[in-house]
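Below you'll find the structure, written out as structure tokens, and then a few comments.
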Amino acid sequence: MIDNILTLLSVRQARIRPDATALSAQDEKDHWYDISWREFDRMVETTARALVALGVEPGHCVATFSANRPENLVTDFACYRNRAVSVSIYATSSPEQVEYIVEDASCAVLFAGNTTQYHYARQVQQRSETLKKIVVIKPIELDEDDHTSMLWSDFLKLGESAGPEVAAEVDRRASEAVPSDIATLVYTSGTTGEPKGAILTHSNYDYALEAHRLRLTTLTTEDVSMAFLPLSHIFEKGFTYVCLMMGIKVAVNRDPRAIQDTIKQVRPSCMCAVPRFWEKVYTAVQEKIGSMNPVARAMVGLALKTGRRRNLDYVGAGRKAPFWLETAYGFFDRRVFSMLRAAIGIDRPNFFPTAGAPVSPRIVEFFRSCGLDILVGYGLSETTATVSCFPYTGFEIGSVGTTIPFVEVKIGPDSEVLVKGPTVMAGYYNKPEATEAAFYEDGWFRTGDAGYIDEKGAIFLTDRIKDLFKTSNGKYIAPQNIETRLGTDKFIEQVAVIGDSRKYVSALIVPNFDILGKWAAENHVEYSSVDDLVADTRVHLMMERRIEELEKGLASFEKIKRFTLLPKEFTMEAGELTNTLKIKRRVVADHYREEIEKMYL
């Protein structure tokens, strides 16, 4: 294994495959263009020199506040070449969140992606004694009174015009890099309390990258990955680094709202996604199947039954499928599944890593049956992403897979999942007390997730320990389990389960307004506003029936006794969601206090 893989990764790849595509990206008119390894390495070198010219020293933190762009990766690797620390800030962060991270990490230089992020950064700079220089990636007009910021194009000129002594300084720093150097600070999104910067060293990344190389053996240079999730998310950052290390082309998707278009343009063979992405695709496919004539619908049903038998019972179990099953599957793959995959935009699939939240077993089974290998995994910022994932064969639906190489997992007090290994963070930046609380004395990291390990080594998560609550009747409830079930329904966009110290479980539900609107039109439910729609007794009755169906198999005390349909979504802007779209339960409970109390009258 090579130490400090990231420090000179682009140098090595440019030497091996100079004309191969490293990145594919969109220009300001959304046209795709390729960046070769030779060009990518040149950009990294130029940026590294420009950082030296701005006064960045080894150990200094450099912030990137931007939606996904190639420049995000360029600045990362330029930092590594300088032994500096890359700090990624979610593009959707508020000025207050940006200020907190900039001050906590003492970032003197910040890269802003667009006009909005530039203006937020300026607000921070005007209150900060730390932030000295803003570099704006998108070509925009800077404020007239701004005499400290610069555009990316001018920043690159700074690197291009740097003398030989600057180039020599970059080379010297890279040659002195050691595995214990801090590579990144990854700030947790914080469902409770203030964010904490997980310290990830180059050694953490070295082991994480090697573990993925050993585990994900079907990845080749013929693959194409789409960076769809934010590169500030350790899940996307880590997998993108894996792909770059292995010479795989990475298409950088800038606008997650446009994914339905970009995925069809890029046609990735692998792509990280959170379960909500697959829930939405599943809902759309089910809607399409439901609109088919009876004969076509029956054919799809038979295809899914055949696909499940072949892909899960045989191939997924590591067994050779009988000839008749292979023949039947081949027929349905050509006539049904290939068209479904093409409609989604992934007609040449390898596998699709999925993590970040619980994923419904029903959804995993469905897509696996269709020949789309959803690779369920589990990890945290503090563990350099992956702790476990599905093996290629012998995986168990409902689990988050088995541990990857170099990582150990055991179950501790209160059923908490504990992790140890060389991918576990060095601690939280500037927070010794939080660091101490995160580890047991023997070095096991406390994930905060409850779960168990079965006899085959598969890890099953039950919930976040902090999310578990007890009703006034003394029954423990795992809200994520219930929310995951409900999230598979096409009429449900978001759900927050309530019930801590209450006599029964209730829920706040945000409907999928597009689908609900169509249902209302088909059922002659007239309304003048969304508020009228969610208050309609016919809508409520329809949703009640669907929830009852979704809750089959739950214990009676786990079932939702009352629910409220909300006329608007939970949002990051309102502080109700984290940057990774997890519900901040305390905030939601506070914002909807009246609605919750009415459910317990």
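The table that follows gives values for the structure above.
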{"item": "Cβ-based charge dipole, the chain, positive-most Cα from 521, 167, 100", "result": "521"}
{"item": "Selected from 291, 430, 351, residue furthest toward positive end of dipole (the chain; charges at beta carbon)", "result": "291"}
{"item": "Overall Cα dimensions of the stretch 414-512, principal axis frame, Å, largest first", "result": "44, 31, 28"}
{"item": "Heavy-atom accessible area per residue - the stretch 13-101, 1.4 Å, Å²", "result": "35 Å²"}
{"item": "Residues whose placed amide H lies under 5 Å from that of residue 447, excluding near-sequence neighbours", "result": "417, 419"}
{"item": "Accessible area expressed per residue, the stretch 396-513, with surrounding protein chains retained (probe 1.4 Å, Å²)", "result": "44 Å²"}
{"item": "Cα gyration tensor category, rounded, prolate or oblate, for the stretch 177-254 with a/c compared to 1.5", "result": "oblate"}
{"item": "Accessible surface of residue 332 - all protein chains present, 1.4 Å probe, nearest 10 Å²", "result": "20 Å²"}
{"item": "Cut-off under 5 Å, modelled amide H: who pairs with residue 505 long-range", "result": "561"}
{"item": "Amide H contacts of residue 495 (H built 1.01 Å from N, under 5 Å, at least 5 apart or other chain)", "result": "510"}
{"item": "Fraction in percent of alpha-carbon pairs per bin - 10 Å, the stretch 231-283", "result": "20, 57, 22, 1"}
{"item": "For the stretch 11-147, Kirkwood radius (reciprocal of mean inverse C-alpha pair distance, Å)", "result": "15.5 Å"}
{"item": "Sparsely packed GluC sites (Glu not before Pro) within the stretch 1-107, loop by DSSP, other Cβ within 10 Å at most 15", "result": "28"}
{"item": "Alpha-carbon centroids, the stretch 1-52 and the stretch 489-559: separation in whole Å", "result": "48 Å"}
{"item": "Within straight-line cross-link reach of residue 559, lysines at Cα separation under 17 Å, skipping those fewer than 8 residues along the same chain", "result": "470, 475, 503"}
{"item": "Antiparallel DSSP beta bridges within the chain, percent to nearest 5", "result": "55 percent"}
{"item": "q = 0.23 Å⁻¹: log10 I(q)/I(0) that the Debye formula gives for the stretch 501-552, counting C-alpha atoms only", "result": "-0.94"}
{"item": "Phi-based couplings in Hz for the stretch 428-434 (Karplus 6.51, -1.76, 1.60; Gly and Pro marked x)", "result": "9, 5, 6, 9, x, 5, 5"}
{"item": "For the stretch 47-116: span of alpha carbons on each principal axis (Å, largest first)", "result": "29, 25, 16"}
{"item": "Computed magnitude of the charge dipole of the chain (debye, nearest 20; Cβ of K, R +1, Cβ of D, E -1)", "result": "2220 debye"}
{"item": "Rg and Dmax of the chain, Cα atoms only, in Å", "result": "24.8, 76"}
{"item": "Backbone HN-Hα couplings from phi across the stretch 386-392 [Karplus 6.51/-1.76/1.60, Hz, Gly and Pro as x]", "result": "5, 9, 8, 7, 4, x, 5"}
{"item": "Accessible area per residue in Å² at 1.4 Å probe, computed on the stretch 305-378", "result": "44 Å²"}
{"item": "The stretch 454-599: equivalent-ellipsoid semi-axes (sqrt of 5 x gyration tensor eigenvalues, Cα, Å)", "result": "27, 18, 16"}
{"item": "Among the listed pairs 29/264; 466/490; 280/410; 29/288; 466/518, those beyond 26 Å (Cα-Cα)", "result": "466/490; 280/410; 29/288; 466/518"}
{"item": "Per-residue [θ]222 nm for the chain (sum of -39500 (n - 2.57) over DSSP H runs n ≥ 4, rounded to 500)", "result": "-11500 deg cm²/dmol"}
{"item": "Accessible surface of the chain, 1.4 Å probe, proportion on carbon and sulfur as whole %", "result": "51 percent"}
{"item": "Mean Kyte hydropathy of 0.0 or more with a Cα span along the axis of at least 18 Å, helices from DSSP in the chain", "result": "294-308"}
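The values are calculated or read from the model by the stated rules, or taken from the named source; none is laboratory data. Computed from a prediction, not measured in an experiment: that's the story for all the values here. Neighbour counts are summed over all protein chains in view; Cβ atoms, including those assigned to glycine, are modelled from backbone coordinates with ideal geometry. Accessible surface areas use protein heavy atoms only, side chains included; no ligands, DNA or RNA. Shrake-Rupley method; radii C 1.70, N 1.55, O 1.52, S 1.80 Å.
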